[in-house]
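Engineer: Encoded as structure tokens, here's the structure I'll be asking about.
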Amino acid sequence: MPDTAPKGMAMINAFDPRKATDLAPREQAMIERRQRLLGPAYRLFYEKPVHLVRGEGAWLFDAEGNRYLDCYNNVASLGHAHPRVVEAIARQAAQLNTHTRYLHETVLDYAEALLATFPASLGHVMFTCTGSEANDLALRIARAHTGGEGIVVTSLAYHGVTSTLAELSPSLGEGVPLGRHVATVPPPDAYRGGPDMPARFAADIAAAFADLARHGIRPCALLVDTMFTSDGVFPDPAGFLAQAAEAARAAGALFIADEVQPGFGRTGQMWGFQRHGLEPDIVTMGKPMGNGHPVAGLAIRPELLERFGGRARYFNTFGGNPVSAAAGRAVLEVLRDEKLPANAAAVGAHLLAGLSELAERHALIGDVRGAGLSIGAEMVRDRKTREPATAETARIVNALRERRILISASGPGANILKIRPPLCLTREQADIFVGALGEVLAEKGC
Ligand code: PMP
């Protein structure tokens, strides 16, 4: 099987208390308290963790009132604490919040507005609270429909936190075993793969399902983040994913588009899969769906839901409650009224151009790629061998944090800057980021 899966990692850029220096007494005390209360499984970002208390647009503010440019967080995608979403949540919370076993107009209005953003083939929507729950439900439905168990994911995918999803999220690292019914394929890396990449990616998927079948595991689903965010951000060439989805369907599997990261306008289009001119069988979504309020869900072709719906009842105490629906509806309205997908496309192109210019001056930047405001900048020690500049990238991320710019990295070598600012980012803010990155690279002689 064509699996050259990297080892994966626990978390890129995690705070290490053994290496901590220069922490203010208040933050030092909070770190100790956090470790005592929350235990050893949690991680903090950065060598010097950030203590944030407020956000506005693309800015975040720490306890001392210092301002940070957020180039990383894709949850408050409209901008932090967006007043229209805050107001919608507050208004509905002051009226009523119940579960989905009662009739409520707002829930139906939201379902209608959300479905209108999808191709007509996706006719039902179901609500959950998190992206993990959405993927979990999608897989239950896919199993019921196909009668199979076999799942194919990319070799550094992340799809969620439940037992089912952890065992198909290789990015969690070797400490979290993959399920026997899970096969991985190398990501669609056009930087390394060249023009054959789309055909090879599709062939790898076909081979992975064939291999599972030889082990007696029937196909269930190909599950991919349509921007391959944790694998290192792979958007190009637009359209390549259609071939991959075709390969999965030819094997008898469903194609599930995980839009938890790319969805809701980030790529410059409403959904990441639109870039590839295809219609998924199931779309899962979350993160920016409530601009910080926990709401998630899936959209699905109605015929796929028949068997599951006939056998099982679905109830989720909090998923799709009226407050979540009010938040979700406000998000769709703001995306439309503030033309944020178009802003993501325009400012994203500007940011990508700025990064490309930097790459002319700094050999460390091997590749820049992206769609809208989902951008990867890959740092390499040698442009020919493309050896990952892992340690250098960690230094860059921490040096940017010192300049109060928040960013992180992903990919098998932890050498790909993952740039995902709020969609309201302005050109001036994009320039601040590019300027600071240029300064850091110059300072470090890269
Ligand atoms: N899918 C993808 C692609 C994700 O990035 C994430 C979260 N990082 C999830 C699913 C899980 O979402 P949640 O954390 O809301 O459960």
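Engineer: Under 5 Å between amide hydrogens, which residues at least 5 positions from residue 411 or on another chain qualify, with H placed 1.01 Å from N in the peptide plane?
Structural biologist: Correct list: 232.
Engineer: What 222 nm value per residue comes from the helices of the chain, counting each DSSP H run with n ≥ 4 as -39,500 (n - 2.57) and dividing by all residues, nearest 500 deg cm²/dmol?
Structural biologist: Calculated from helices alone, the mean residue ellipticity at 222 nm is -12000 deg cm²/dmol.
Engineer: Report ³J(HN,Hα) in whole Hz for each residue of region 383-394, in order, from the Karplus equation J = 6.51 cos²θ - 1.76 cosθ + 1.60 where θ = phi - 60°; Gly and Pro get x.
Structural biologist: Result, ordered by residue: 5, 7, 7, 6, 4, x, 8, 5, 5, 4, 5, 4 Hz.
Engineer: Using a Cα-Cα cut-off of under 21 Å, which lysines could be cross-linked to residue 339, ignoring same-chain neighbours fewer than 8 residues away?
Structural biologist: 287
Engineer: Tell me which residues come under 5 Å, amide H to amide H, from residue 54 once H is placed; ignore anything under 5 positions away on its chain.
Structural biologist: HN-HN under 5 Å from residue 54: 61.
Engineer: Now for a separate question. Diagonalise the Cα gyration tensor of region 177-257 and give the resulting equivalent ellipsoid semi-axes, square root of 5 times each eigenvalue, largest first, whole Å.
Structural biologist: Those come to 21, 13, 12 Å.
Engineer: With Rg and the Kirkwood Rh both taken from Cα atoms, where does Rg over Rh land for region 191-322?
Structural biologist: So for region 191-322, dividing Rg by the Kirkwood Rh gives 1.00.
Engineer: How high is the FRET efficiency from residue 214 to residue 316, r the C-beta distance, R0 35 Å, rounded to 0.05?
Structural biologist: 0.40
Engineer: Taking the chain as the region of interest, what is the percent of Cα-Cα pairs per 20 angstrom bin, listed from the shortest bin to the one with the maximum distance?
Structural biologist: P(r) over the chain, rounded to whole percents: 25, 59, 16, 0.
Engineer: Compactness ratio of region 258-302: Cα Rg over 2.2 N^0.38 Å, N = residue count?
Structural biologist: The value comes to 1.11.
Engineer: Here's something else I'd like to know. Just the accessible area per residue of the chain, please: how many Å² with a 1.4 Å probe?
Structural biologist: Per-residue value: 42 Å².
Engineer: Along Cα→Cβ, 7 Å out, is where each label goes; now give me the distance between the ones at residue 116 and residue 95 in nm to one decimal.
Structural biologist: 1.8 nm
Engineer: Compare the peptides 330-343, 150-163, 299-312 by average per-residue count of other Cβ atoms within 10 angstrom and give them in order, highest first.
Structural biologist: Those peptides, ordered most packed to least, come out 150-163, 330-343, 299-312.
Engineer: Ignoring ligands, DNA and RNA, what percent of the 1.4 Å accessible area of region 83-337 is carbon and sulfur?
Structural biologist: After summing per-atom areas, the C and S share lands at 53 percent.
Engineer: Quote the Stokes-Einstein diffusion coefficient, in whole µm² s⁻¹, for region 83-337, based on the Kirkwood radius over alpha carbon pairs, a temperature of 37 °C and a viscosity of 0.692 mPa s.
Structural biologist: 178 µm²/s
Engineer: Quick one: which residues, 5 or more positions from residue 44 or on another chain, have an amide H under 5 Å from its amide H? H modelled 1.01 Å from N in the peptide plane, none for Pro or chain starts.
Structural biologist: Answer set, sorted by chain and number: 15.
The values are calculated or read from the model by the stated rules, or taken from the named source; none is laboratory data. Note that the coordinates shown come from a computational prediction; the quantities given were computed from them, not determined experimentally. With ideal geometry, Cβ positions are generated from the backbone for all residues, glycine too; neighbour counts draw on all protein chains shown. For accessibility, only protein heavy atoms count, side chains too; no ligands or nucleic acids. Shrake-Rupley method; radii C 1.70, N 1.55, O 1.52, S 1.80 Å.
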